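Before any comments, here is the structure.
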Amino acid sequence: MMLATNLCFLFATFISRAFKEWKKYYQTMLFVSFCNLMYNLLCHDHLTWVYHPDFLLTHITTDLINTFVLLPSSTLMYLYFFPSKKIIQIMYYLGWIALFSVIEGWWHLYGRITYDFGWNFVWSIGFYFVMFYVIRIHHTNLVRALLISLISVVFLIIVFKIPISVE
């Protein structure tokens, strides 16, 4: 199910021809993947969600596939097709939040993702609101995106009591 989701996003990136503009959005694609890797590094002993994939995959391999396929593909398509008219931008933004929420809801319903340490599906939806906003802002205003990301990370570390230690 999770591998199929990744393959669908990768396939859509090529079918839509968005992949031809990857250089234009490369910095933001890397940023999104980097953020996911940082989550895994900071929270490795305190994961707020865990994947239970099908096939022979583990949480780690699934998260790596998401990091290097799903997130860059979705970032590329999100930015490539981002509309110019404000009202359409809002609908588009909400559509991507809904899409990711439905995918995660589907994964959760079938036991492919579980939550821990107070995280739940509602937190995920809130996270998608911030994530897609920051993706767009990162492409247009790097400093603002980094500031919003930093504030979000600090907020989540405090709320979910993520133990940060230097060894």
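The values are calculated or read from the model by the stated rules, or taken from the named source; none is laboratory data. Values in this document were obtained by computation on a predicted structure and should not be read as measured data. Ideal geometry is used to build each Cβ from the backbone, glycine not excepted, and the neighbour counts take in all protein chains shown. Ligands, DNA and RNA are stripped out before the accessible areas are found, and what is left, the full protein with its side chains, is counted by its heavy atoms. Shrake-Rupley method; radii C 1.70, N 1.55, O 1.52, S 1.80 Å.
Scan around Ile113 for amide H atoms under 5 Å from its own, H built in the peptide plane at 1.01 Å from N, and keep only partners 5 or more places away or cross-chain.
Residues meeting the criterion, in which the H sits 1.01 Å from N, are His52, His108.
Could you list the chymotrypsin sites (Phe, Trp or Tyr not before Pro) in region 74-135 that lie in coil according to DSSP, counting only those with at most 11 other Cβ atoms within 10 Å of their Cβ?
Phe81
Before I look further, what does region 21-99 give for accessible area per residue, probe 1.4 Å, in whole square angstrom? Don't skip to the answer; put the middle values down first.
Values: 4440 Å² over 79 residues.
Accessible area per residue, region 21-99: 56 Å².
Dipole size in debye (nearest 20) for region 28-167 around its Cα centre, Lys and Arg Cβ +1, Asp and Glu Cβ -1? The partial results should precede the final answer.
Working: 6 positive and 6 negative charges, 132 e Å.
Its charge dipole is roughly 640 debye.
By accessible area of protein heavy atoms, probe 1.4 Å, what ranking do Leu79, Leu47, Leu94, Leu147 get, highest first?
Greatest to least solvent exposure: Leu147, Leu94, Leu47, Leu79.
Just by accessible area at a 1.4 angstrom probe, what is the order of Leu7, Leu70 from largest to smallest?
Leu7, Leu70
Just to verify a number: what accessible area does His108 come out at with the full protein assembly present, 1.4 Å probe, Å² rounded to tens?
About 80 Å², ignoring ligands and nucleic acids.
Let me know the shape class of region 10-77, please: from the alpha-carbon gyration tensor, a ≥ b ≥ c as square roots of the eigenvalues, rounded when a/c is under 1.5, otherwise prolate if a/b is greater than b/c, or oblate.
Oblate is the answer for region 10-77, as a/c is 1.5 or above yet b/c matches or exceeds a/b.
Under 18 Å from a point placed 7 Å out from the Cα of Lys161 along the Cα-to-Cβ direction: which residues of region 16-55 have their backbone N that close?
43-49
Got the relative contact order for the chain handy, in percent, Cα pairs under 8 Å and 6 or more residues apart?
30 percent
Apply the a/c threshold of 1.5 to the C-alpha gyration tensor of region 74-167 and tell me whether it is rounded, prolate or oblate.
Oblate shape, in that a/c is at least 1.5 and b/c is the bigger or equal ratio.
Please list Ile15, Ile103 from largest to smallest accessible area, probe radius 1.4 Å, with all protein chains kept in place.
From most exposed to least exposed: Ile15, Ile103.
Using the Karplus curve 6.51 cos²θ - 1.76 cosθ + 1.60 with θ = phi - 60°, work out ³J(HN,Hα) for each residue of region 69-81 in order, rounded to whole Hz, and write x for Gly and Pro.
Those phi angles translate into 10, 4, 5, x, 5, 5, 4, 4, 5, 4, 6, 4, 9 Hz.
Heavy atoms only, probe 1.4 Å: what % of the accessible area of region 1-94 goes to carbon and sulfur, would you let me know?
So the carbon and sulfur contribution to the accessible surface is 74 percent.
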